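J.: Quick one: this structure, given as C-alpha cells, is what I'll be asking you about.
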Amino acid sequence: MSDKFQAVVIGGGPGGYVCAIRLAQLGLKTACIESRGSLGGTCLNVGCIPSKSLLNLSEEFHKAQHLSNKGIEIGEVKLNLSKMMKNKDKAVTILTKGVEFLLKKNKVAYFKGAGSFKSKNEISIKDDQNKESLIQAEKVIIATGSVPVSLPGIKFDEKIIVSSTGALKLDQVPKKMVVVGGGYIGLEMGSVWSRLGSEVHVIEFLDHITPGMDKEISKEFMKILQKQGINFHLETKVESIKKNNKGVIILTSNKNKKKINFDCNVVLISVGRKPNTKNLNLSSVGIVLDEKKRIKTDKNFKTNIKNIYAIGDVIEGPMLAHKAEEEGIAVAELLAGQSGHVNYDVIPGVIYTSPEVASVGKTEEQLKELKIKYKVGKFPFLANSRAKAINEAEGFVKILADEKTDKVIGVHIIGPHAGEMIAEMAIAMEFGASSEDIARTCHAHPTFSEAIKEAALSVDKRAIHS
Ligand SMILES: Cc1cc2nc3c(=O)[nH]c(=O)nc-3n(C[C@H](O)[C@H](O)[C@H](O)COP(=O)(O)OP(=O)(O)OC[C@H]3O[C@@H](n4cnc5c(N)ncnc54)[C@H](O)[C@@H]3O)c2cc1C
C-alpha cells in the first residue's frame, strides 16, 4: 500500500516548502517532493540567496578598495574569488539544511525525487537512481517554479554562455562580460562582476532598462550604474552568439540597423524565465496552461482539475520568492477551510544593487494608463542627513498618492537601504494609509527613512529639508 496524504506539494522552493509547513501547521498530513536534492528551490540554491551573498561580498570588496578616500588606510586589497564562492556556498548550505529541519519539525514528509502525475490522486516519485515509488494525494499543490530562458538556438554551457546559475559560480573574473537583458537579474549579476573587475556591457532590446519599473526611477538607476562603469547598449538586438577560441562573439544590430560586434569572455543571457511544467505529466490529468505556458488557476489557485492547485513562479504574476510564499500560505489556509488571500496590489520588488531600488504599488505609467489622477511627492537623499553623513546620497524617494483621497498607491525608492525601507510603505499601504498619515508619523533622526516622511510631506508641497 502506498502512503496516503491529505496534501502533497510538488516542489520545495519558497512557494512549496512554505505551503507544506503551513498545511502541516493547520493539521493536514502533508508531503513535499523536491527533485533538486536540496530544499529552498531556485531562491535558496541558485537565486535570491547566492546572488545576495555575492552582491554583498563584492560590495564589501569594492568599498574596501576605496576606504582610503575616507581616511582609512588598509593597504592593498586582494580578491580571493574561490574563498568568496565558498562563503556563498556555505550560506546556501546552512539555509537549505535549515529548511529541511523546518519540514522535519513540522512533521512534513520530505520525498527526494521528481514528482509526476500518475492520476489526479496518485503521484509518482522517481529518485536519482530512477527508482519509482507512488504516494496517494487528496489534494496536490504544484509549486515547480521556473527555469531560465535562452535566446533561440543558443544553449547555456554555464561556463562561457551562462544563465544566472552559471554567473553565480564562475571560477575566475571575466575580463569582459556581456549581459544580454537589462532586467533585475542581469543588473545584479553585472554589478557583482563589474565590482570584482570585469568590463561589463549590458545589451537591451528596449529603450530603457528594468521593464515595468517606474520610468523616472529606471532612468536614474541607469545613470548611477553608468557612473559605476557599466556600459549600456539600448535598442540593440542580439542576432547571434558564436563561441571562438577567446570566448564569445555577439553579433547585434541597433535601431539604425547598424551592426555591432561584441567579443567577450563570458556572456550572461538574462532575458527571462519560463514556468517549469516539464516532467509533471500534466497531460495525463488534463491540466490547462495559459498562453504563456503557465498553469492556469482561478483566484483560489485552483486549476481546472478540482483537487489540484498551483502557486509561485509556475502561475501568473511576478516571479518573486515572497509572492510564491504568500500564495503558499494562502492556498494552505484555503484548503484548511480558512480564508487565505494575497493582496497583489502590495507586493514589493527590490533590486539589490548599490544603491538598492525598491518599489511597491503602481508606477506613474500604470496610473496614467488606468486614468487614475494622482499627486507626486519626491525627496532626494542628497538632502537626507544620514545619507550625506555616510556619503551615500544618490537617489530619491517618490510617493504617488490618489489626488482625491490622498491614499498612497505607489512608492518607488532608489537609494541606500531602499530594500528595507520599502517594508514601511508596504505596511502603510496594507493599512490604507494616506500620504498625510505618513507625513505625520514621527521618524527617528538621523535615518534614511526620514526621506520617506519628507517625500510624504512633499506630496502637499511642504517638505522641510528641500
Ligand atoms: C539569480 C536570481 C536571483 C533572484 N533574486 C530574487 C530576489 O532577490 N528576491 C525574490 O523575491 N526573488 C528572486 N528571484 C526569484 C525567485 O528565486 C523565484 O521567484 C522563487 O524561487 C519562486 O519560488 P517557487 O517556489 O515558485 O519556485 P522555485 O524556487 O523555482 O522552486 C521550485 C522547485 O521545484 C522543484 N521541482 C521542479 N519540478 C519538480 C518535480 N517534477 N518534482 C519535484 N520537484 C520539482 C525544483 O527543483 C525547484 O527546487 C531570483 C531568481 C534568480 C534566478
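J.: Keeping all protein chains in the complex and leaving out DNA, RNA and ligands, what accessible area do you get for HIS341 with a 1.4 Å probe, in Å² to the nearest 10?
T.: 140
J.: Right, something else. Which order do peptides 75-83, 401-409 fall in by mean Cβ count within 10 Å, highest first? Numbers along the way, then the final one.
T.: Numbers: 75-83: 10.3, 401-409: 17.1.
Highest-to-lowest ranking by the protection proxy: 401-409, 75-83.
J.: Here's something else I'd like to know. Stretched out fully, how many nm does the piece from SER68 to VAL346 gain, at 0.36 nm a residue minus the Cα gap?
T.: Extra length available between SER68 and VAL346 comes to 95.9 nm.
J.: Taking the Cα centre of the chain as origin and charging only Cβ (+1 Lys, Arg; -1 Asp, Glu), how large is the dipole, in debye to the nearest 20?
T.: 1040
J.: Return the carbon/sulfur percentage of the accessible area of the stretch 57-177, one whole number, probe 1.4 Å, all protein chains in place.
T.: Of all accessible area on the stretch 57-177, carbon and sulfur atoms account for 53 percent.
J.: Could you please state, rounded to a whole Å, how far the C-alpha centre of the stretch 374-448 is from the C-alpha centre of the stretch 216-295?
T.: About 32 Å separates the Cα centre of the stretch 374-448 from the one of the stretch 216-295.
J.: Just tell me, in residue order, which DSSP H segments of the chain are both 27 angstrom or longer along the helix axis (alpha-carbon based) and at least -0.5 in mean Kyte-Doolittle hydropathy.
T.: Details: long enough: 81-105 (36 Å, -0.16).
Passing helices, by number: 81-105.
J.: Which FRET efficiency value, to the nearest 0.05, is calculated for LEU251 and ASN279 with the Förster distance at 45 angstrom and r the Cβ-Cβ distance?
T.: Here the calculated transfer efficiency is 0.85.
J.: While we're on this one: Note the full-extension length gain between LYS373 and LYS306 as 0.36 nm times their separation in residues minus their Cα-Cα distance, in nm to one decimal.
T.: Between LYS373 and LYS306, full extension yields 20.0 nm more.
J.: Please say if the chain is rounded, prolate or oblate, where rounded means a/c under 1.5 for a ≥ b ≥ c the square roots of the C-alpha gyration tensor eigenvalues, and otherwise the choice is prolate for a/b larger than b/c and oblate otherwise?
T.: oblate
J.: State the percent of C-alpha pairs, over all pairs in the stretch 65-121, separated by a distance greater than 16 angstrom.
T.: I get 71 percent for the Cα pairs in the stretch 65-121 exceeding 16 Å.
J.: Add -39500 (n - 2.57) for each DSSP H run of 4 or more in the chain, then divide by its residues: what number comes out at 222 nm, to the nearest 500 deg cm²/dmol?
T.: When only DSSP H runs of four or more count, the value is -9500 deg cm²/dmol.
J.: Convert 4 °C to kelvin, take the viscosity as 1.567 mPa s, use the Kirkwood radius over C-alpha pairs of the stretch 4-153 as Rh, and evaluate the Stokes-Einstein diffusion coefficient in µm²/s, rounded to a whole number.
T.: 74
J.: Let me ask something else about it. What is the extension gain from LEU79 to LYS258, computed as 0.36 nm multiplied by their sequence separation minus the C-alpha to C-alpha distance, in nm to one decimal?
T.: 60.6 nm
J.: So how do MET189, MET222 rank on accessible area, 1.4 Å probe, biggest first, that is with the largest at the start?
T.: Largest to smallest exposure gives the sequence MET222, MET189.
J.: Starting from the Cα of LEU289, step 7 Å along the direction of its Cβ; do the same at LYS215; then give the gap between the two resulting points in nm.
T.: For LEU289 paired with LYS215, the spin-label model returns 3.4 nm.
J.: Rounded, prolate or oblate: pick one for the stretch 180-237, where a ≥ b ≥ c are the square roots of the eigenvalues of its C-alpha gyration tensor, a/c under 1.5 means rounded, and failing that, prolate if a/b is larger than b/c, else oblate.
T.: In terms of gyration-tensor shape, prolate.
J.: Please work out the ratio of the alpha-carbon Rg of the stretch 231-310 to 2.2 N^0.38 Å and round it to two decimals. Intermediate results must be reported in sequence, preceding the final value.
T.: Numbers: Rg = 20.3 Å, N = 80, 2.2 N^0.38 = 11.6 Å.
Rg over 2.2 N^0.38 Å, computed on Cα atoms: 1.74.
J.: Right, another one. Show me the trypsin sites (Lys or Arg not before Pro) within the stretch 417-466 that DSSP assigns to loop and that have at most 12 other Cβ atoms within 10 Å of their Cβ.
T.: Answer in residue order: ARG440, LYS461, ARG462.
J.: Moving to a separate point now. What does the accessible area per residue of the chain come to in Å², with a 1.4 Å probe and no ligands, DNA or RNA counted?
T.: 49
The values are calculated or read from the model by the stated rules, or taken from the named source; none is laboratory data. Note that the coordinates shown come from a computational prediction; the quantities given were computed from them, not determined experimentally. Cβ atoms come from the backbone with ideal geometry, glycine included; neighbour counts cover every protein chain shown. In case anyone asks, the SASA skips ligands and DNA or RNA and just uses the protein heavy atoms, side chains included. Shrake-Rupley method; radii C 1.70, N 1.55, O 1.52, S 1.80 Å.
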